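The values are calculated or read from the model by the stated rules, or taken from the named source; none is laboratory data. Computed from a predicted model, the values in this text were never measured in an experiment. Please note: Cβ atoms are built from the backbone with ideal geometry, for glycine as well, and neighbour counts cover all protein chains shown. Remember, those area values only see protein heavy atoms, side chains included, never the ligands or the DNA or RNA. Shrake-Rupley method; radii C 1.70, N 1.55, O 1.52, S 1.80 Å.
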Amino acid sequence: MRKSGGRCEARLVVPEVTCWGPLDVDEVIPRGVRPGSHLEPEHVQVLCRAHHDWTHAHPQEAAARGLRKWSWEA
């Protein structure tokens, strides 16, 4: 949370989605692909619930905008 200053890291990357909800720590590379990555600051991001939901609903666009990485990028 300190890394993001307590703010959603996607707010400027996906401005068409309005921030709302609590902040979540989200894995850039899913935990199942890279176990333990959720403990490494460079592999996590802080997202509001709206942007967190958006990254999961739009994985290809999220990857294109740098909010998600594919398994082969692990």
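Worth pointing out:
- Among residues of segment 56-74 that are farther than 15 Å from residue 10 by Cβ, those with a beta-carbon under 6 Å from a residue that is open to solvent by less than 90 Å² (accessible area, probe 1.4 Å) at least six positions away or on a different chain give the pairs 71/33; 74/29; 74/33; 74/34.
- Residue check for residue 25: at pLDDT below 90, open to solvent by 40 Å² or more (accessible area, probe 1.4 Å) and within 11 Å of the chain's Cα centre (by Cα): yes
- Here residue 35 meets each of (1) modelled with pLDDT of 80 or more; (2) open to solvent by 80 Å² or more (accessible area, probe 1.4 Å); (3) farther than 19 Å from residue 5 by Cβ with one exception, condition (1).
- Test: residue in segment 4-17 that is among the aliphatic types (A, V, I, L, M), modelled with pLDDT under 80 and open to solvent by 30 Å² or more (accessible area, probe 1.4 Å): no
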